[in-house]
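Data first, discussion second: the structure below is written as structure tokens.
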Amino acid sequence: MLQLYLVIRKPRNFLVLLCLFISTSLALHFMHGYDSDWGATNLMLSIEATIAGAVLMMKAEESAEMQRQNSIEQAKMLAGVLAIAEAQREILADNAEVLRALRDSNERVLKALIEGETS
């Protein structure tokens, strides 16, 4: 029932149906005296407005829940990205330490070679 209402309530569909309803009500009112005080027409439009308000509120609540779930999932993803970034930082720090040790070793070897040539 909700899905049918949502299809009918799409702006283009609703505008067509509303214009059709109003045109029919006006024609019947002036041609046959239908709803002489406009009470039934007002009642139907009020009922539809009330239903629309309830459906829109329900959809807003569903949307808010989906947004809350998306926020939770996004927080989990960001925590994962942070963990990856921290792991990469540690790897880079280890690589830097290895490169420093290699440089120090190369400098000692070069120094030993230079001293060996001069002796």
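Among the residues of the range 1-52, write down those that are over 42 Å from the mean Cα position of the chain (by Cα), assigned to a helix (DSSP H, G or I) and surrounded by fewer than 10 Cβ atoms within 10 Å (Cβ to Cβ).
Listed by number, the residues that qualify are F30, M31, H32, G39.
A quick yes/no check of all residues on (1) of a type in the set (A, V, I, L, M, F, W, C); (2) modelled with pLDDT under 95:
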{"site": "S25", "(1), (2)": "no, yes"}
{"site": "H32", "(1), (2)": "no, yes"}
{"site": "D35", "(1), (2)": "no, yes"}
{"site": "L45", "(1), (2)": "yes, yes"}
{"site": "A52", "(1), (2)": "yes, yes"}
{"site": "V55", "(1), (2)": "yes, yes"}
{"site": "S63", "(1), (2)": "no, no"}
{"site": "D94", "(1), (2)": "no, no"}
{"site": "A112", "(1), (2)": "yes, yes"}
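Would you confirm, using the coordinates I've provided, whether E61 is within 26 Å of L2 (Cβ to Cβ), open to solvent by 90 Å² or more (accessible area, probe 1.4 Å) and within 24 Å of the chain's Cα centre (by Cα)?
yes
When you scan the range 85-119, how many residues do you find that are β-branched (V, I, T) and open to solvent by 100 Å² or more (accessible area, probe 1.4 Å)?
1
The values are calculated or read from the model by the stated rules, or taken from the named source; none is laboratory data. Here the structure is a predicted model, which means the values were calculated and not measured. FYI the Cβ positions are ideal-geometry reconstructions off the backbone, even for glycines, and counts take in every protein chain you see. The protein model used for the area step is the full one, side chains on, heavy atoms only, and it has no ligands, DNA or RNA in it. Shrake-Rupley method; radii C 1.70, N 1.55, O 1.52, S 1.80 Å.
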